[in-house]
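Report on the following structure.
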Amino acid sequence: MAENKEAELKTIRKKLKELLVSHLSLEDVVPEKIKDDEILFGEGLGLDSLDAVEIVVLLQRNFGVEVKDMAQGKKIFYSVDTLANYIYDNQKK
Amino acid sequence: MHIAGMGIVFNRGRGLANLDQALTEGWIMPNSVTASCAGVYQVPPEVIIDKQVLKDVRRADNFSKMATLAAFDALADSGIPEENKSKLGIILTTAFGPHVTTFGFLNEILTYGDAGVSPTLFSHSVHNAAASYIALNLQTRGPTLTMTQFANSFQQAIILAESWLKEKRCEYILVGSVDQIGQVMEYICSQKLKLASDGKIKPFNFSQIPEAVPAEGSAFFLVTDNIKYNKYCSISALQQGTKKEDDLYILDSDGMCGNEECYKNITKKVAFTSYAPVFGSMLTLSAFSCMAAALILKNQKIYASPIQENPHNLNILTKNETLAVHKIKCLRYNCYQEELIIQLSRPR
Amino acid sequence: MPETNIAITGLGAVSACGNDINETLQNFSDGARNAGKVTLFESELHYPVFQINNPTLLDDPFTMRTLNLAFQAAQEAILEAEFENGFGNLRVGISLGTTVASQLNDTDFYRQYLNQGSAPMNSVDRYLKSNLAQALAQFFKITKINFCTTIVNACSSGTDAIGVGLSWLRNDYCDLVIAGGADELNRVPLDGFGSLSVVSKSLCAPFDRDRAGLNLGEGAGIIILEKETIAHKRKKTPSLFLKGYGLAADAYHLTAPRPDGSGLEQALEQALKEANLKPKDVAFINAHGTATKDNDLVEGKVLAKVFGKKVKFLSTKGFTGHTLGAAGGLEAVFACLGLRHGWVPACAGFMNIDPGIGVAPITHKTKISGNCAVSTSLAFGGNNAALVITRN
């Protein structure tokens, strides 16, 4: 079970990295080179408030996952890992 | 008001060297042919790639990128000192705004529903996004304003620039235009205008139903009342002087405003030209015509009219040659047959 | 700076708070907040909006709603200024702000084009006749108009349009200017602001500790700016004057305001300097106050910094919603009304002070005894604008 979860998380992280690059127009960023624990905002990828609301749309469209309350956003959007875990936990099975 | 610097992005490239070359070479076939349209003058995608200037504007659409590059170049061309940037205002004018992104946003509404649309697309679909990018890019904190007035757009922008400078609201202004072409707009043009099947705008035919070749681009001027920075010439939409002193009229008869018979009324006593066949048809063509005028005045060199078809026997420019020129009027009649004139001049 | 005094000789307003000024003042007094569900268009979203539900407002397929709103407010202003029989030989300028009217955002047109590769041109034709300033000139049969401009500066459009009018008059390009802004409720901004997570699911609460975003609204606010010398020639003694205008850019972000508020501070400084007045001379401020977390935090702190902790300020967006291009026009009118009648309404929607802001807006209908008001606007893209209005 744990291996299934990790395998799925790996798939989610890979897809997420590709989507972040394409959807947020992160020119010169190679998806494969983004670390799993890469911080999304501030340092790390350097995303901003407009990217945050864009990620909400990204999650909706590609994973069927909603973020109802942007106040939670800080925790969910902290890193690729936290985002992937959120997707895993909330994805409709 | 004096022109201290200029920047341009258009179908023949970016920068004043490309502008000079295009005006020298004359007319070429439109570079993009789509199903609904005989041809348009599109800005080639590689022209708006600049990893240095545009490095912090990853989300900007083509509309904002064209304007950002043209404004950047105008400022760089002017050579005004870095510390004067705090006194820099921005006036951007556009006839139709970033409609490609607007239609993209409508597409999202239809595809994903009201609750599933992209906030990034929305924030770029507003007319003033481009001016915001210019301010961001140049880090200027002065007055920044976007206006839209269809065919009167550039003339009203020049009036406002003159007004702000006279009021001393700022000492330098980046004033310019940006308009784009796109699939939906091409379709609209094919329905509302007569498109030139041979790709040639015929600016001296003064037809009831003139032909157009839709185009896109951005043209920006750095203007100031400080004569020290008068690199090119003076420009005004308010001062006309006497017609006796006019050397040249540049006509914006590009097929965008319907019936062009009113152009027959203009005085035949001066020389005429039109560079619409090089720039393409845009309601903001005046900005580009003024840029050609400024180059002519600076270099004292005229460019032949790219299309020589001249059924009314006007005294049109037929050769590229050195010539003393001091006063040029850029003239357009809008869709209400109102005369819009911008005058550019250089002391004799 | 030229010495000409620029008077304000006519006011007109239409919004969900009232179909004219009298109705608006009554609703201000009563604290009436006329928000509800949107019925102008289909929407999957359930945000409250400040829609104008007035059966006398013409809705026709040939004229954009925004234009009809502008015509209505302009008529009221022109009537007050006593220009209902025309402008004679006076040089008239028109400077109006909008967002919706400038965009070809007709979903039906686009849907048909997408599905069929073609679509009828009626909405395009309507759009081509909808340049706001041009349409107003035609409606009032103002011919030979050389100063006619539509400002599209997002949420500060109305304020900036008034600033443009001031500039023209100071330079003696015109004798009077019809200035302000108009905007209609539209699916595109509702969806767009919704996607940015800045729209509230309940009635907006400007400057409130628990504010959750804006409510969209619609309307038009128009003022007649006139050189005092021209007004005197017409045997009028104006009592309201536009004394200053400031405009400054944040150069920070496309949607978020600069956190230190320096852009707004610069605009306020400029406007007050032009008016030759100090912050202590200002009786009250009609703030932009959209009720978003970001705007109100930045704006509130700047107002406290510039005007002091006892600053008297309010947002009228609790009564009108955020009317986008119309906001600056409407709020200039409301600032004028506050000075003229000597009172301002409560900041509708506000309940609890936000400790992050540190100051609270006016909480009940309040007498105003001073002679100077300021109206501020902060726009998407980082524009900050301020007007200084005085009363004799």
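Within 10 Å of each candidate Cβ there may be at most 15 other Cβ atoms; applying that plus a DSSP loop requirement, which trypsin sites (Lys or Arg not before Pro) in the stretch B:263-347 survive? Working shown, then result.
Values: sites: B:264, B:268, B:269, B:298, B:301, B:319, B:327, B:329, B:332; in loops: B:268, B:269, B:319.
Here the trypsin sites (Lys or Arg not before Pro) that fit, given the DSSP loop and packing criteria, are B:268, B:269, B:319.
On a C-alpha basis, how far is the centre of the stretch C:261-315 from the centre of the stretch C:154-216 in Å? Whole number, if you could?
Result: 17 Å between the Cα centres.
Mind telling me which of B:226, B:310, B:265 comes out most flexible in a GNM of chain B, alpha-carbon contacts under 10 Å?
Residue with maximal mean-square fluctuation among B:226, B:310, B:265: B:265.
Just to verify a number: FRET efficiency for residue C:351 and residue C:41, C-beta to C-beta distance, R0 = 35 Å, to 0.05?
0.65
Anything over 18 Å Cα to Cα? Flag those among A:5/A:33; C:278/C:310; B:228/C:273, in the order listed. Numbers along the way, then the final one.
Numbers: A:5/A:33 22 Å; C:278/C:310 15 Å; B:228/C:273 28 Å.
Beyond 18 Å between Cα atoms: A:5/A:33; B:228/C:273.
Counting other C-beta atoms within 10 Å, which of B:175, C:359 has the fewest, and how do the rest follow?
Listed from fewest to most nearby Cβ atoms, that is C:359, B:175.
Taking every residue in C:41-49, how many Cβ atoms of other protein chains lie within 10 Å of its Cβ, on average?
Details: counts 1, 1, 4, 5, 3, 2, 0, 0, 0.
Taking the mean over all residues of the peptide, I get 2.
Can you figure out the FRET efficiency of residue B:267 with residue B:84, using R₀ = 45 Å and their beta-carbon distance, to the nearest 0.05? Walk me through the intermediate numbers first.
Values: r = 41 Å, r/R0 = 0.90.
Efficiency at R0 = 45 Å is approximately 0.65.
If you build a Gaussian network model of chain C, linking Cα atoms that sit under 10 Å apart, which residue out of C:201, C:233, C:243 swings the most?
C:233
Return the long-range amide H neighbours of residue B:194 (sequence gap of 5 or more, or a different chain), with a cut-off of under 5 Å between placed amide H atoms.
Here B:212 satisfy the definition.
Which of B:171, A:54 comes first, and how do the rest follow, when ranked by fewest Cβ neighbours within 10 Å?
Details: B:171 18, A:54 24.
The order, fewest Cβ neighbours first, is B:171, A:54.
Please identify the longest segment of chain C free of exposed GluC sites (Glu not before Pro), where exposed means a DSSP state other than H, G, I, E or B and no more than 10 other Cβ atoms within 10 Å.
Values: sites that count: C:3, C:42, C:84.
Longest gap between qualifying sites, sites excluded: C:85-392.
Compute the distance in nm between two label points, each set 7 Å from the Cα along the Cα-to-Cβ direction, one at residue C:201 and one at residue A:90.
Output for this residue pair reads 1.3 nm.
Can you list the HN-Hα couplings for the stretch C:357-365, worked out from phi with the Karplus curve (6.51, -1.76, 1.60; θ = phi - 60°), rounded to whole Hz and with x for Gly and Pro?
Here the 3J(HN,Hα) series is 8, x, 10, 10, x, 5, 9, 8, 3 Hz.
How big is the C-alpha Rg of the stretch C:264-388 next to the rule-of-thumb value 2.2 N^0.38 Å, as a ratio?
My calculation over the Cα atoms of the stretch C:264-388 gives 0.95.
Can you list the residues, at least 5 places off or on another chain, whose amide H is less than 5 Å from the amide H of residue B:320, using H built in the peptide plane?
Sorted by chain and number, the residues that satisfy this are B:304.
What does the charge count around residue C:239 come to, taking other residues whose C-beta lies under 9 Å from its C-beta (Lys +1, Arg +1, Asp -1, Glu -1)? Can you show the working numbers first?
On the way: positive: C:340, C:391; negative: none.
Cβ neighbours under 9 Å give a net charge of +2.
Rounded, prolate or oblate: which fits the stretch C:6-391, taking a ≥ b ≥ c as square roots of the Cα gyration tensor eigenvalues, rounded meaning a/c under 1.5, else prolate when a/b beats b/c?
oblate
State whether the stretch C:188-316 is rounded, prolate or oblate according to the following rule on the C-alpha gyration tensor (a ≥ b ≥ c being the square roots of its eigenvalues): a/c under 1.5 gives rounded; otherwise a/b larger than b/c gives prolate, and the remaining case gives oblate.
Working: a/c = 2.10, a/b = 1.56, b/c = 1.34.
Cα axes put the stretch C:188-316 in the prolate bin.
Roughly how many nanometres apart are two label points built 7 Å out from the Cα toward the Cβ at residue C:121 and residue B:110?
The answer from the label model is 2.0 nm.
Have a look at B:142, B:89, B:104 and tell me which one the Gaussian network model of chain B (Cα, springs below 10 Å) gives the largest fluctuation.
B:104
Structure shown: which of C:37/C:317; C:235/C:367; B:200/B:327; B:269/B:301; B:166/C:309; A:68/C:312 lie over 25 Å apart, alpha-carbon to alpha-carbon?
Listed pairs above 25 Å: C:235/C:367; B:200/B:327; B:166/C:309; A:68/C:312.
Let me make sure I get this right: for the stretch C:179-218, a, b and c are the square roots of the gyration tensor eigenvalues over alpha carbons, sorted descending. Under 1.5 in a/c it's rounded, otherwise prolate if a/b > b/c, else oblate. Which is it?
Oblate is the answer for the stretch C:179-218, as a/c is 1.5 or above yet b/c matches or exceeds a/b.
Amide H neighbours of residue C:82 under 5 Å, at least 5 residues apart or on other chains, H built in the peptide plane: list them.
When sequence neighbours closer than 5 places are left aside, there are no close amide H contacts.
Please give me the summed charge of the neighbours of residue C:20: other residues whose Cβ is under 12 Å from its Cβ, Lys and Arg +1, Asp and Glu -1.
In short, -3.
Taking the Cβ-Cβ separation of residue B:308 and residue B:239 as r and a Förster radius of 22 Å, what is the calculated FRET efficiency to the nearest 0.05?
Approximately 0.10, to the nearest 0.05.
Return the sequence-ordered ³J(HN,Hα) values of the stretch C:291-298 in whole Hz as given by the Karplus equation 6.51 cos²θ - 1.76 cosθ + 1.60 applied to θ = phi - 60°, using x for Gly and Pro.
3J(HN,Hα) across the stretch C:291-298, in whole Hz: 6, 7, 4, 5, 4, 5, 5, 5.
Setting aside same-chain residues fewer than 8 positions from residue C:233, which aspartates and glutamates have a Cα under 12 Å from its Cα?
C:175
Each residue of the stretch B:214-230 in turn: what ³J(HN,Hα) in whole Hz from Karplus with 6.51, -1.76, 1.60 and θ = phi - 60°, glycine and Pro shown as x?
Whole-Hz 3J(HN,Hα) from phi for the stretch B:214-230: x, 8, 9, x, 9, 9, 10, 10, 9, 10, 7, 8, 6, 5, 4, 9, 7.
Read-outs: derived from the displayed coordinates by stated rules, not from any lab. From a predicted model like this one, the values you see are computed outputs, not experimental measurements. Methodologically, a virtual Cβ is constructed for each residue, glycine included, from the backbone with ideal geometry; neighbour enumeration extends over all protein chains shown.
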